[in-house]
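Right, one structure below, let's go through it.
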Amino acid sequence: MKMQTMLSLICMSFLILSCEPEPDLFRHFVMKEGDHYSLPRLVETLKSERLSFEAKFHPSCQYIFKETGYQETKNKLLWIADCNSMHHENSDRFGWQWLHDRLEIYAYCYVDGERIEKFVGVVAIDEMNRFEIRRLQNEYWFTLNNEPPVTISRGSTCKTGVYYLLWPYFGGTLPAPHDVHVSLKINY
């Protein structure tokens, strides 16, 4: 009986030790110094009224511009073109900026060509955070870490269809002052 028990323990130990580690499902993006677009460059569509994801901002997301007037420029985390239109016409996204020694998160939309921004919250560097965007008939809901949503009215000319995802993008006018790293995991 002892031999059989010992053999069972050895087999179980072998099975446990031979299991592969869970794969890292996060996509790591880098916005290179002097550029706006992140690498890798991906093209992906989504046909859903909800996008849920996790994000981690690395220490490189802290930056100070010499031209202080640009410090409040929003960087884009993850967004979706809406209404079967271009993203500067209709889109919903999370934006972020490093301001006052903290990383601020914003709801950042284009609605019928007009840009609208609303403060959502603050996140810590090097911590995982949960983000969700919901598209309701007349508004977008932005949720950060399961807090109450921030809402923005949706365009009045929206037609449903396939939406395309737009990945991390640094700035508006100024490019990344150094390599900036962000990790994302889409939960759909």
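The values are calculated or read from the model by the stated rules, or taken from the named source; none is laboratory data. From a predicted model like this one, the values you see are computed outputs, not experimental measurements. When we count neighbours, we look across all protein chains shown, and the Cβ atoms used for this are built from the backbone with ideal geometry, even at glycine. Accessible surface areas use protein heavy atoms only, side chains included; no ligands, DNA or RNA. Shrake-Rupley method; radii C 1.70, N 1.55, O 1.52, S 1.80 Å.
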Fill in the blank from the handout: Taking region 89-105 and keeping only residues that are in a loop (DSSP other than H, G, I, E, B) and either open to solvent by less than 10 Å² (accessible area, probe 1.4 Å) or touching a helix residue (DSSP H, G or I) at 6+ places or on another chain (Cβ under 7 Å) (or both), one is left with ASN90
Completion exercise
In region 59-69, anything more than 30 Å from LEU46 (Cα to Cα) and surrounded by 13 or more Cβ atoms within 10 Å (Cβ to Cβ) is listed as GLN62, TYR63, PHE65
Practice task
Return yes or no: is TYR140 part of a strand (DSSP E or B), out of contact with any Cys (no Cβ under 9 Å at 6 or more places or on another chain), farther than 19 Å from ALA176 by Cα and open to solvent by less than 30 Å² (accessible area, probe 1.4 Å)?
Solution key: no
Handout entry: The listed residue being surrounded by 18 or more Cβ atoms within 10 Å (Cβ to Cβ), farther than 16 Å from LEU78 by Cα, out of contact with any Ser or Thr (no Cβ under 8 Å at 6 or more places or on another chain) and of a type in the set (D, E, K, R), out of ARG135, ARG154
Key = ARG154
Exercise for the section: Please go through region 83-95 and pick out each residue that is at pLDDT 85 or above, in contact with an Asp or Glu (Cβ under 9 Å, 6 or more places away or on another chain) and not polar (S, T, N, Q). Expected result: ASP92, GLY95
Completion exercise
When every residue in region 106-122 that is touching a Phe, Trp or Tyr at 6+ places or on another chain (Cβ under 7 Å) and of a type outside the set (Phe, Trp, Tyr) is compared, the one most open to solvent (accessible area, probe 1.4 Å) is LYS118
Problem - SER85 being part of a loop (DSSP other than H, G, I, E, B) and surrounded by fewer than 16 Cβ atoms within 10 Å (Cβ to Cβ) - result: no
Practice task
Out of ILE80, ILE125, report the one residue that is open to solvent by less than 10 Å² (accessible area, probe 1.4 Å) and either under 17 Å from the mean Cα position of the chain (by Cα) or modelled with pLDDT of 95 or more (or both).
Solution key: ILE80
